[in-house]
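Structure first, commentary second.
Since every read-out is calculated from the coordinates, none of them should be taken as a lab result. As the structure is a computational prediction, the values presented were derived from the model and not from experiment. Heads up, the Cβs are rebuilt from the backbone with ideal geometry, glycines too, and the neighbour counts pull from every protein chain shown.
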Amino acid sequence: MIYLFSIGFLEVSWVDVIDIMLVSILLYQVYKLMRGSVAVKIFLGVLSLYLIYLIVRAAQMELLGLILGQFMGVGVLAAIILFQPEIRKFLLLIGKTTDFNKGNFFNGLFVWKRRAPKEAYNITPIIEAAKTLGGTNTGALIVLSKDSELKFYAESGDIIDAYLSKRLLLSIFNKHSPLHDGAVIIFKGKIKAARCILPVSENDALPAQFGLRHRAALGMSEITDTMVLIVSEETGQFSLARNGKLLHNLSPQELRKKINDYLTTEDEKKEEAVEEPVEKEAKATSINEAKARA
């Protein structure tokens, strides 16, 4: 093994440097997940208890050391129980960043597989319904998904499976409708379900002006690859939650752009980037031909 350098009796190799870097990245990601939550205080409490255990062992206090030793013996199991929400969020984050759920991994293995056709749908009913709801200060929560039907969350409400329309959205979020309390899930141009229950974010950095509706949207965007539209009941303003971040006080034009960017796949964006110069060149050619004829 080739050593990089040595510190006293310690010999450091490239493998050690890579190992330290990976552990640092892992600890930083864990810190980001626990930051601003009660889990940080629990972690500090467990760490303090472990330090006390080391001191007790060094002082050879047998009885107290035996009691703390039994507790530390089940430390892994206790950590799983105490940090269950954070572990679940961490695993969901890893699963969300892989390409298995999008089919890109298997498409790469089977190069002869034909790409599925585009399944774009018109988002105008969403924008128009949001404008009407905002104008009447009617609260709304709309989850947009492009890769999954979100069956777990859809089954928490009432399954509708109807084609998207402005009138249907307005009927659902009408204050006198039994379906208005909860979220609507939209997938591939269909309203899959209404009155759905979403996970609430535990982010303490969220300003106090945002209520439970915004926290639910933020929580949903933290653990799923979705975009959530919020219409505020107090102000009628529009917000979007995506990847645990909240974009507030958006205009209808900004809403349309953000939603279109989310629903457009990377392959479609590349195609549009290639098609745009070709269209410009064709347009310039037609203009030149018209001038030449004139």
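Some notes on this structure:
- Computed over the range 173-227, relative contact order equals 25 percent, with contacts defined as Cα pairs under 8 Å that lie 6+ residues apart.
- Positive contributions from Lys and Arg (+1) and negative ones from Asp and Glu (-1), summed over other residues with Cβ under 15 Å from the Cβ of Leu49, come out at +2.
- Using θ = phi - 60° in the Karplus curve 6.51 cos²θ - 1.76 cosθ + 1.60, the 3J(HN,Hα) couplings for the range 42-54 round to 5, 4, 5, x, 5, 5, 4, 5, 5, 5, 4, 4, 5 Hz; x is entered for Gly and Pro.
- The simple spin-label model puts a point 7 Å past each Cα toward its Cβ; for Gln70 and Tyr50 those points are separated by 2.2 nm.
- Cα-Cα over 24 Å, subset of Lys166/Lys258; Lys146/Lys175; Lys151/Lys188; Lys166/Lys192; Lys188/Lys258: Lys146/Lys175
- Order by protection proxy (mean Cβ within 10 Å, highest first), peptides 41-53, 15-27, 237-249: 237-249, 41-53, 15-27
- Between Thr124 and Asp158, the simple label model (points 7 Å from Cα in the Cβ direction) yields a spacing of 2.9 nm.
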